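Heads up: the structure comes next, in structure tokens.
The values are calculated or read from the model by the stated rules, or taken from the named source; none is laboratory data. What you are looking at is a predicted structure, and each value in this text was computed from that prediction instead of being measured. As a convention, Cβ positions derive from the backbone with ideal geometry for all residues, glycine included, and neighbour counts pool all protein chains shown. Just so you know, the surface numbers come from the protein's heavy atoms only, side chains and all, with ligands and any DNA or RNA stripped out. Shrake-Rupley method; radii C 1.70, N 1.55, O 1.52, S 1.80 Å.
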Amino acid sequence: MIQLKNVTYHYGKDKKKITALDDVSLTIKEGEFVAVLGANGSGKSTLARHINGLLIPSKGEVLVDGISTADREELWKVRSLVGIVFQNPDNQIIATSVEDDVAFGPENLGVEPDEIRSRIREALAAVDMADYAKREPHLLSGGQKQRVAVAASLAMHPKYLVFDEATSMLDPRGSAEIIATIKKLKGDLGITAIHITHIADEAVLADRVIVLSGGAVVRDGPPHAIFSDIRALMAVGVGAPRARLIAEELIRAGVKLPGTILTVDELVEALC
Amino acid sequence: MKPGLAIGQYYPSDSIVHNADPRIKILLVAAYALAVFFIGNFTGFAVIGVMLGGLVILGGLAIGLVLRGIRPLFVILAFTLLVQLFTGGEPWALIGPLKISIPGFKTGMFLDLRLILLVIGASLLTLTTTPVALTDALEYLLSPLKRVGVPSHELAMMMTIAMRFIPILSAEADKIIKAQAARGARFDSRNPVTRARSFMPILVPLFVGVFRRADDLAEVMEARAYRGGKGRTRMRELKMKPGDWFGFAVVMLLLAGMVWVGRMPVI
Amino acid sequence: MLNFSIALIECIDLGFTYMPGTPLTSEALKNINLSVEEGEFIAFIGPTGSGKSTLIQHFNGLLTPTEGKAVFKGKQIGVNIHPYEVRREVGLVFQFPESQLFEETVAEDVSFGPRNLGLSGEEVSERAEEALELVGLSYDRFAGRSPFELSGGEQRLVAIAGVLAMKPRMLVLDEPTSGLDARGKARVMRCLTELNRDGMTIVFVSHDMDEVAEFAHRVVVLDKGRIVFDGDPGTVFSQAGVLKNIGLNIPATTELLVKLSGRGFDLDTGAVSLRETVNLVCNALKGEQRL
């Protein structure tokens with residue numbers, strides 16, 4: 001379980017102080033697939049960096065399985081419990097071959113060489129990259145690079161995986177690969193996934209959506225409830241799912257439709 | 001964008017040369033470089049050439065691939081030869097003010113060959129050894145220096161990262177140059193000051209990009225529990241096989257023999 | 001020869017091969033025949049590696065075709081007209097253009113292009129002001145600020161302004177909205193629509209099919225370096241099956257119409273914009289007396 005208790009975080013100092021997170025309290029349970037949705041500058045990446053202790057709250061605390069991220073002694077435990085996949089596919093592969101990159105985390109944790117090899121096999125298989133172990137990272141597509149980054153986290157045997165806008169620099173195929181990977185990991189390994197995004201159509205796929213604006217949680221609930229009020233979402237700079245926009249226009253034109261439609265398929269069902 | 005194959009970039013294969021211990025290979029290249037410097041005649045070079053040829057065949061490499069490494073040296077080679085040709089003592093013929101010298105020509109060829117052999121020897125190492133293996137071996141070879149304060153792990157880490165980011169940064173530089181060219185930037189001024197200044201619109205964004213990447217990378221490494229060399233294990237443990245010792249001994253003997261032949265005062 | 005309407009850009013049997021004659025050679029474009037008329041609003045779509053970015057770099061002479069030719073207003077680029085001349089008329093905005101910002105202030109950065117054109121100081125600052133206003137950034141508020149402290153969306157707009165300040169006839173953009181949030185995307189697309197309304201020719205590459213459906217007047221589809229479709233959005237997106245095969249998505253509007261017609265609705269699946277789609281669905285419902 002991940003708990004954020006009244007987390008506030010400031011950037012900068014004194015006069016130039018900017019509040020990136022403002023009294024955020026949240027609980028994320030094991031096995032959940034949570035989307036954190038927000039416009040640029042809403043604080044969602046700052047939130048992501050708090051979950052594995054890359055940032056420590058200015059006020060309040062973050063607990064991962066009961067361990068405070070502010071506890072320097074336990075920081076490495078937190079880092080192995082919470083994996084994080086960042087935005088830029090080019091900037092998160094450290095080594096010059098895929099398998100060596102996946103080995104990097106376990107090596108840091110002091111895992112034995114034989115165990116590292118079996119973890120690499122498992123992790124690459126989990127993201128469907130088993131055939132690429134010996135490849136050089138710069139010859140992979142964006143989606144493949146991001147999947148290597150996922151495998152690199154998995155090899156540390158985390159319980160929680162944070163995807164910090166991991167799809168935003170990918171083409172549609174790459175994004176689809178990452179989304180499919182998230183679902184598979186959740187299903188097969190029971191990984192708790194926290195997907196940080198500004199794309200409403202991606203948030204729809206989660207079990208739970210948390211909407212951030214100005215560093216504060218403004219909505220929190222299942223997708224159908226969150227997207228029922230798209231005007232409120234527009235107001236905080238978050239778009240609506242595309243099918244929802246079409247449904248909204250149809251309703252305005254006099255078609256009777258439920259206000260909870262999120263996907264094209266739901267819309268087709270409602271119209272037929 | 002197709003990333004180009006850099007000179008001497010790793011060429012994957014499963015040969016004896018590829019599988020030899022990288023530490024041995026590094027030590028041998030160092031010994032080889034010394035040997036090439038000690039050899040004083042063409043016979044020695046011929047023998048060395050035969051040995052290199054043997055290694056190229058053992059390594060399953062195409063001759064063309066190996067020779068490509070010399071191409072960027074062409075200007076230096078030509079320059080060396082010309083300088084020696086015209087200044088190398090005893091003139092053989094005169095073309096206007098220029099004195100052509102036969103011994104000069106010989107010296108020029110000799111120096112060129114030495115350079116060519118050095119480069120080929122070094123590129124054999126990089127062609128048959130992965131960057132990962134190279135850095136691992138370097139870290140190992142430098143580790144005795146840890147006691148006198150040389151951060152061998154950190155040096156090896158830096159090398160890895162540098163190698164990893166070379167293709168990325170060259171693609172990025174290419175893109176920025178094009179983007180500024182699209183805004184009318186010209187890089188062909190003859191005035192050196194204007195020319196130097198015209199590179200600012202490329203250098204500034206490139207540096208900004210490098211620092212951003214460095215930040216990103218630091219976060220990634222921290223998130224993957226990196227805290228320096230302490231307490232770290234390695235997936236690849238370097239282990240010497242009997243064959244490695246044998247190969248080492250054979251090549252060392254060959255080199256010694258060549259130096260001996262090469263020091264003899266005959267041609 | 002009389003030619004009453006000369007196309008702005010013409011590609012004639014254009015082909016481009018990276019590193020020809022080496023073992024790393026790769027053919028990026030083949031047999032491209034295409035013309036861009038003044039005032040058009042065209043989207044180039046295609047899977048990654050289909051040659052879109054390579055193609056648009058021929059429009060301002062950054063790349064020279066290895067086969068065939070690229071022509072600007074009747075003059076072959078690189079033969080009858082120097083690429084530098086073409087770059088004054090055809091502005092190219094690369095993907096993530098904010099990574100090219102380098103000056104200390106927004107105004108200075110936007111002035112870079114006009115200064116390269118050798119304009120007077122006064123003209124340069126006039127152009128910078130005009131260009132910033134065109135992208136919807138107030139000169140007074142932004143001119144003196146450092147481009148590096150702006151938001152991602154604002155940086156993108158500054159970079160676009162930097163190209164607009166050259167006063168091109170045509171603006172070519174490689175994925176102008178990628179990575180931006182909903183608000184940022186809307187700002188960029190609104191800006192492009194307004195520029196086009198005022199007569200500028202706009203060509204953009206996009207992976208976002210909803211965006212293409214909503215804004216483009218013509219769609220060119222590339223796959224493996226060749227043009228597979230070239231037509232109005234309705235016609236192109238009605239080829240949903242082919243597009244999916246080459247790895248492209250279709251807009252949500254088209255998906256809805258295709259699925260509805262599969263369920264027995266009598267619909268023309270060639271509509272793409274939100275408004276057209278809503279009208280079609282309403283008419284179909286009326287036809288079945290459900291509305």
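Filtering segment B:28-80 to residues that are within 15 Å of B:Leu111 (Cβ to Cβ) and open to solvent by 80 Å² or more (accessible area, probe 1.4 Å) leaves B:Phe37, B:Phe38, B:Phe74, B:Val75, B:Ile76, B:Phe79.
Here B:Ala133, B:Ala137, B:Ala156, B:Ala93 are screened, and the one residue that is aliphatic (A, V, I, L, M) and surrounded by fewer than 17 Cβ atoms within 10 Å (Cβ to Cβ) is B:Ala93.
Meeting the requirement of 3 or more residues that are at the interface with chain C (Cβ under 8 Å from one of its Cβ atoms) and either open to solvent by less than 10 Å² (accessible area, probe 1.4 Å) or more than 21 Å from C:Gly184 (Cα to Cα) (or both), the helices (runs of 4 or more DSSP H) wholly within segment A:195-272 are A:242-252, A:264-271. Filtering segment C:241-257 to residues that are buried (at least 19 other Cβ atoms within 10 Å of the Cβ) and part of a helix (DSSP H, G or I) leaves C:Leu243, C:Ala252, C:Thr253, C:Thr254, C:Glu255, C:Leu256, C:Leu257.
Pull out all pairs, ordered by first then second residue, where Cβ-Cβ is under 6 Å, the residues are six or more apart or on different chains, the first lies in segment A:249-260 and is modelled with pLDDT of 90 or more, and the second is polar (S, T, N, Q). Taking only residues 6 or more apart or on different chains, not a single pair turns up.
When A:Ile94 is tested against (1) open to solvent by less than 60 Å² (accessible area, probe 1.4 Å); (2) in a helix (DSSP H, G or I); (3) modelled with pLDDT under 95, just one condition goes unmet, and that condition is (2). If the condition is being part of a helix (DSSP H, G or I) and of a type in the set (Lys, Arg), then segment A:26-73 contributes A:Lys44, A:Arg49, A:Arg72.
Figure legend. Inter-residue proximity from segment B:226-239: first residues under 16 Å from A:Glu112 (Cβ atoms) and not assigned by TED's automatic domain parsing to the domain that holds B:Ala20, second residues open to solvent by 70 Å² or more (accessible area, probe 1.4 Å) and part of a loop (DSSP other than H, G, I, E, B), beta-carbon distance below 7 Å, spacing 6+ or different chains. Indicated pairs: B:Thr233/A:Glu112.
Among the residues of segment C:190-208, those that are buried (at least 18 other Cβ atoms within 10 Å of the Cβ) and either within 14 Å of chain A (Cβ to nearest Cβ) or part of a loop (DSSP other than H, G, I, E, B) (or both) comprise C:Met200, C:Val205, C:Ser206, C:His207, C:Asp208. Given the conditions (1) in contact (Cβ under 8 Å) with a residue 12 or more places away in the chain; (2) surrounded by 17 or more Cβ atoms within 10 Å (Cβ to Cβ); (3) small (Gly, Ala, Ser), and given that C:Ser99 satisfies all but one, which numbered condition is not satisfied? Single failed check for C:Ser99: (1).
Taking segment A:132-153 as the range and being out of contact with any strand residue (DSSP E or B) (no Cβ under 9 Å at 6 or more places or on another chain), closer than 20 Å to A:Leu189 by Cβ and of a type in the set (Gly, Ala, Ser) as the test, the residues that pass are A:Ala133, A:Gly143, A:Ala151. Comparison of A:Ile84, A:Ile93, A:Ile116, A:Ile120 shows that the only residue that is touching a residue at least 60 places away in the same chain (Cβ under 8 Å), within 8 Å of another protein chain (Cβ to nearest Cβ) and among the aliphatic types (A, V, I, L, M) is A:Ile84. Among the helices (runs of 4 or more DSSP H) confined to segment B:1-109, the ones with at least 1 residues that are touching a strand residue (DSSP E or B) at 6+ places or on another chain (Cβ under 8 Å) are located at B:74-87.
Starting from residues that are of a type outside the set (A, V, I, L, M, F, W, C) and not in a loop (DSSP other than H, G, I, E, B), keep the ones in segment C:165-189 and report whichever is farthest from B:Arg183 (Cα to Cα).
Going through segment C:165-189, the residues of a type outside the set (A, V, I, L, M, F, W, C) turn out to be C:167-169, C:174-179, C:181, C:183-185, C:187.
Checking which are not in a loop (DSSP other than H, G, I, E, B) leaves us with C:174, C:183-185, C:187.
On the way: C:Asp174: 15, C:Arg183: 27, C:Gly184: 23, C:Lys185: 23, C:Arg187: 22 Å.
The qualifying residue farthest from B:Arg183 (Cα to Cα) is C:Arg183.
In segment A:109-125, the qualifying residues are those that are under 12 Å from A:His157 (Cα atoms) and among the aliphatic types (A, V, I, L, M), and the one that is most open to solvent (accessible area, probe 1.4 Å) is A:Leu109. Summed over segment B:161-184, the residues that are within 7 Å of another protein chain (Cβ to nearest Cβ) and within 22 Å of C:Val158 (Cβ to Cβ) give a count of 9. Scanning for something assigned by TED's automatic domain parsing to the domain that holds B:Ile39, part of a loop (DSSP other than H, G, I, E, B), over 24 Å from A:Asp164 (Cβ atoms) and more than 26 Å from the chain's Cα centre (by Cα), does segment B:257-264 turn up at least one residue? Among the residues of segment B:257-264, at least one is assigned by TED's automatic domain parsing to the domain that holds B:Ile39, part of a loop (DSSP other than H, G, I, E, B), over 24 Å from A:Asp164 (Cβ atoms) and more than 26 Å from the chain's Cα centre (by Cα), which makes the answer yes. Would you point out the residue of segment C:209-237, among those that are open to solvent by 50 Å² or more (accessible area, probe 1.4 Å) and part of a loop (DSSP other than H, G, I, E, B), that is nearest to C:Leu267 (Cα to Cα)? Applying the filter and picking the extreme gives C:Asp232.
Within segment B:13-30, residues that are among the charged types (D, E, K, R) have Cβ atoms under 9 Å from residues that are assigned to a loop (DSSP other than H, G, I, E, B) in these pairs: B:Asp14/B:Gly60; B:Asp21/B:Leu238; B:Asp21/B:Lys239; B:Asp21/B:Met240; B:Asp21/B:Lys241; B:Arg23/B:Leu238; B:Arg23/B:Met240; B:Lys25/B:Thr129, counting only partners at least 6 apart in sequence or on another chain.
Hey, does segment B:247-256 have a residue that's under 30 Å from A:Pro113 (Cα atoms) and in contact with a helix residue (DSSP H, G or I) (Cβ under 6 Å, 6 or more places away or on another chain)? Walk me through it before giving the result.
If we filter segment B:247-256 for residues that are under 30 Å from A:Pro113 (Cα atoms), which is where we start, we get B:247-249.
Pick out the ones that are also in contact with a helix residue (DSSP H, G or I) (Cβ under 6 Å, 6 or more places away or on another chain) and you get B:248.
Yes, some residue in segment B:247-256 is under 30 Å from A:Pro113 (Cα atoms) and in contact with a helix residue (DSSP H, G or I) (Cβ under 6 Å, 6 or more places away or on another chain).
Could you count how many residues in segment C:96-126 are in a helix (DSSP H, G or I), away from chain B (no Cβ under 12 Å) and not β-branched (Val, Ile, Thr)? Count: 6.
Taken over segment B:159-194, the criterion of being under 25 Å from C:His58 (Cβ atoms), open to solvent by 30 Å² or more (accessible area, probe 1.4 Å) and aliphatic (A, V, I, L, M) is satisfied by B:Ala171, B:Ile177. Of everything listed in (1) open to solvent by 10 Å² or more (accessible area, probe 1.4 Å); (2) under 30 Å from C:Ser50 (Cα atoms), the single unmet condition for A:Ile178 is (1). A single entry from B:Arg234, B:Arg197, B:Arg263 fulfils the requirement of being more than 14 Å from chain C (Cβ to nearest Cβ), surrounded by fewer than 13 Cβ atoms within 10 Å (Cβ to Cβ) and at pLDDT below 90: B:Arg263. Answer with yes or no whether C:Asp268 is more than 10 Å from every other protein chain (Cβ to nearest Cβ), charged (D, E, K, R), open to solvent by 20 Å² or more (accessible area, probe 1.4 Å) and part of a strand (DSSP E or B). Considered against the rule, which asks whether it is more than 10 Å from every other protein chain (Cβ to nearest Cβ), charged (D, E, K, R), open to solvent by 20 Å² or more (accessible area, probe 1.4 Å) and part of a strand (DSSP E or B), C:Asp268 comes out as no. Can we say C:Gly234 is closer than 15 Å to C:Ala43 by Cα, more than 11 Å from chain A (Cβ to nearest Cβ) and without any contact (Cβ under 8 Å) to a residue 60 or more places away in the chain? It is true that C:Gly234 is closer than 15 Å to C:Ala43 by Cα, more than 11 Å from chain A (Cβ to nearest Cβ) and without any contact (Cβ under 8 Å) to a residue 60 or more places away in the chain.
Evaluating C:Leu132 against the criteria (1) in contact (Cβ under 8 Å) with a residue 40 or more places away in the chain; (2) under 30 Å from A:Met169 (Cα atoms); (3) under 22 Å from the mean Cα position of the chain (by Cα) leaves one unmet condition, (1).
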